[in-house]
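A.B. asks: The structure's right below; bear with me while I get my questions together.
The values are calculated or read from the model by the stated rules, or taken from the named source; none is laboratory data. This one's a predicted model, so the numbers in the text were calculated from it and none came from an experiment. Don't worry about glycine lacking a Cβ; one is built from the backbone with ideal geometry, like all the others, and counts go over all protein chains shown. The protein model used for the area step is the full one, side chains on, heavy atoms only, and it has no ligands, DNA or RNA in it. Shrake-Rupley method; radii C 1.70, N 1.55, O 1.52, S 1.80 Å.
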Amino acid sequence: MSEPGRRLVHASGSLVPIAYVFEVLTWRQVQGLLVLALAVVTVLEGLRLSGRLDWWVYERFTRDYEAHWPAGYALALLGATATVLVFRPTVAVPALLMLTIADPISGVLSSDELAVKQGYVLLVTFGVSLGIAGLLRVPLLAAVLGAGAATVADGVKPTIAGYVIDDNLTIPVAAATAMELGLFF
């Protein structure tokens, strides 16, 4: 497995929200693009998990615990798509960037992918996530709540019935939900 390669793939997911920020894509186009990508990835994952598709890229970029479960990239796309369909761009865009920027930075700093991350890694994740929200002018309370939610989702990976609840799925949804609550209050 190529961890630097995984981090690069992760970070490349920033292109879509950044394209929205710079008005290259409309929000409807972002939503449509992610729905289309999720449809394609669902087919690919179905083929991979059934054994009908065995590309070298899967062996190189999937973790051992993803061999019989949906891979992280598919869960990231599922979480991102749900986020852009449910939440407004004000919270969805920073939530996606927390996934595509803060999470790979956290991954580079952490040593054990399934353990609760060390305190300094959590602080970096929180700081990067808060910085992203701040750059995108999310009000302070919402930014702090979103960064906190992204940090918890990234820092703790529970296992339920032998399945790791991947942070790629939970980071954007948790961060957007927390920011939306922060904006409400």
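A.B. asks: Among 149, 178, 142, which is of a type in the set (Gly, Ala, Ser), more than 16 Å from the chain's Cα centre (by Cα) and part of a helix (DSSP H, G or I)?
C.D. replies: 142 is the lone residue from the list that is of a type in the set (Gly, Ala, Ser), more than 16 Å from the chain's Cα centre (by Cα) and part of a helix (DSSP H, G or I).
A.B. asks: Here is a follow-up. Give segment 167-185 a look and list any residue that's of a type in the set (D, E, K, R) and crowded, with 24+ Cβ neighbours inside 10 Å, or say none.
C.D. replies: 167
A.B. asks: So, in segment 124-150, exactly how many residues are buried (at least 20 other Cβ atoms within 10 Å of the Cβ) and in contact with a Pro (Cβ under 7 Å, 6 or more places away or on another chain)?
C.D. replies: The total comes to 4.
A.B. asks: Still on this model: Pick from segment 91-118 the residues that are of a type in the set (Val, Ile, Thr) and open to solvent by less than 40 Å² (accessible area, probe 1.4 Å): which of them is farthest from residue 173 (Cα to Cα)?
C.D. replies: Once the filter is applied, the top-ranked residue is 100.
A.B. asks: Among the listed residues 164, 121, which satisfies the condition of being free of Cβ contacts under 8 Å to residues at least 40 places away in the same chain, open to solvent by less than 50 Å² (accessible area, probe 1.4 Å) and of a type in the set (A, V, I, L, M)? If you could, list the steps in order and put the result at the bottom.
C.D. replies: Details: 164 fails: free of Cβ contacts under 8 Å to residues at least 40 places away in the same chain.
Step by step, each of 164, 121 is checked, and only 121 is free of Cβ contacts under 8 Å to residues at least 40 places away in the same chain, open to solvent by less than 50 Å² (accessible area, probe 1.4 Å) and of a type in the set (A, V, I, L, M).
One line per residue, one yes/no per condition, for (1) over 19 Å from residue 176 (Cα atoms); (2) modelled with pLDDT of 95 or more; (3) buried (at least 21 other Cβ atoms within 10 Å of the Cβ):
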{"position": "22", "(1), (2), (3)": "yes, yes, no"}
{"position": "36", "(1), (2), (3)": "yes, yes, no"}
{"position": "59", "(1), (2), (3)": "yes, no, no"}
{"position": "65", "(1), (2), (3)": "yes, no, no"}
{"position": "79", "(1), (2), (3)": "no, yes, yes"}
{"position": "83", "(1), (2), (3)": "no, yes, yes"}
